[in-house]
Amino acid sequence: MDSKVALKIENLSFGYSDKLLFENFNLTLRVGELVSVVGKSGTGKSTLFELIAGNLKPKSGEIEKGNIGWIFQDPYSSFHPSYNILTQILEVSKEKEYNKYLKKLSLTNENLKALPHELSGGQLQRCSILRALLMKPKLLLCDEPTSALDNIVQLETMKLLISLLDEMAILLITHDEDLAHWASDKIVRIG
């Protein structure tokens, strides 16, 4: 795989029982690109991410990818409730580079010392984004990453992600058509 290719999907087919969600699906994503995946609920957007992550096995086809970072729609499911945020961030990051992102994500060191349930949904989502960025992914999978954020923080967060495209590619699931049109190099419609 070319070093600039973050994701290459060739002839992917997948479905549940007799219903195919994908048939001969192809997608190539290069470092520097942001592609949005849009479609109605139940059409396979999250299933595509599960296939890319390797949590599901395709019926046929190939998926090649670089190192993956993931931002889940529900940040509460991505953090262990018994450990503070900083402990969990440092488990996946060998580097203490988090300070350079704190202000950009409207976070503080105090936020990082908190347990997940002590933060608002928006704060926890931004912590999830921080952790994903610190993993230095070649491919960042984003499942509605800004849906828990107010409009101003959402805009600043998306600007931050877009500013990092020289280091990675981003695959974004969103129901927000305006966001998809504003941020994306390409939009893939499913369903």
**Asked** If the cut-off is a Cα-Cα distance under 22 Å, which lysines reach K138, setting aside same-chain residues fewer than 8 apart in sequence?
**Response** K4, K8, K45, K57, K65, K94, K96, K100, K104, K159, K186
**Item:** 13 Å Cα-Cα reach of K59 towards aspartates and glutamates, excluding residues that sit fewer than 8 places from it in its own chain
**Value:** E10, D18, E23
**Request:** Determine, for Y83, Y101, the number of other Cβ atoms within 10 Å of each Cβ, and report the residues in order from fewest to most.
**Result:** Y83, Y101
**Asked** Among all helices in the chain defined by DSSP H, which have a length of 15 Å or more along the axis from Cα atoms plus a Kyte-Doolittle mean of at least 0.5?
**Response** 151-163
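Taking the Cα centre of the chain as origin and charging only Cβ (+1 Lys, Arg; -1 Asp, Glu), how large is the dipole, in debye to the nearest 20? Spell out each step's value before the answer.
On the way: 22 positive and 24 negative charges, 68 e Å.
For this selection, approximately 320 debye.
Provide S106, S128, S17 in ascending order of the number of other Cβ atoms located within 10 Å of each residue's Cβ, fewest first.
S17, S106, S128
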**Message:** Between V35, V92, V153, where does the largest GNM mean-square fluctuation fall for the chain, given springs only between Cα atoms within less than 10 Å?
**Reply:** V92
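Rg over Rh of segment 22-154, using C-alpha atoms and the Kirkwood radius, what does it come to?
On the way: Rg = 15.8 Å, Rh = 16.1 Å.
Dividing the radius of gyration by the Kirkwood radius yields 0.98.
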**Message:** Calculate the FRET efficiency for E118 and D166 from the Cβ-Cβ distance with a Förster distance of 35 Å, rounded to the nearest 0.05.
**Reply:** 0.50
**Prompt:** Taking Cα pairs under 8 Å and at least six residues apart, what relative contact order does the chain come out at, in percent?
**Reply:** 33
**Fill in**
The aspartates and glutamates whose Cα lies under 14 Å from the Cα of K103, excluding any fewer than 8 residues away in the same chain, are E156
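Determine, for W70, W182, the number of other Cβ atoms within 10 Å of each Cβ, and report the residues in order from fewest to most. It would help to have the intermediate numbers written out before the result.
Values: W70 19, W182 12.
So the ranking, lowest neighbour count to highest, is W182, W70.
What net charge is computed for the residues neighbouring L172, neighbours being all others with C-beta under 9 Å from the C-beta of L172, Lys and Arg scored +1, Asp and Glu -1?
Working: positive: none; negative: D143, E144.
Charge balance near L172 sits at -2.
Readers should treat all values here as calculations from the given coordinates under stated rules, not as data from a laboratory. Predicted model only: the values in this text are computed from it and were never measured. Heads up, the Cβs are rebuilt from the backbone with ideal geometry, glycines too, and the neighbour counts pull from every protein chain shown.
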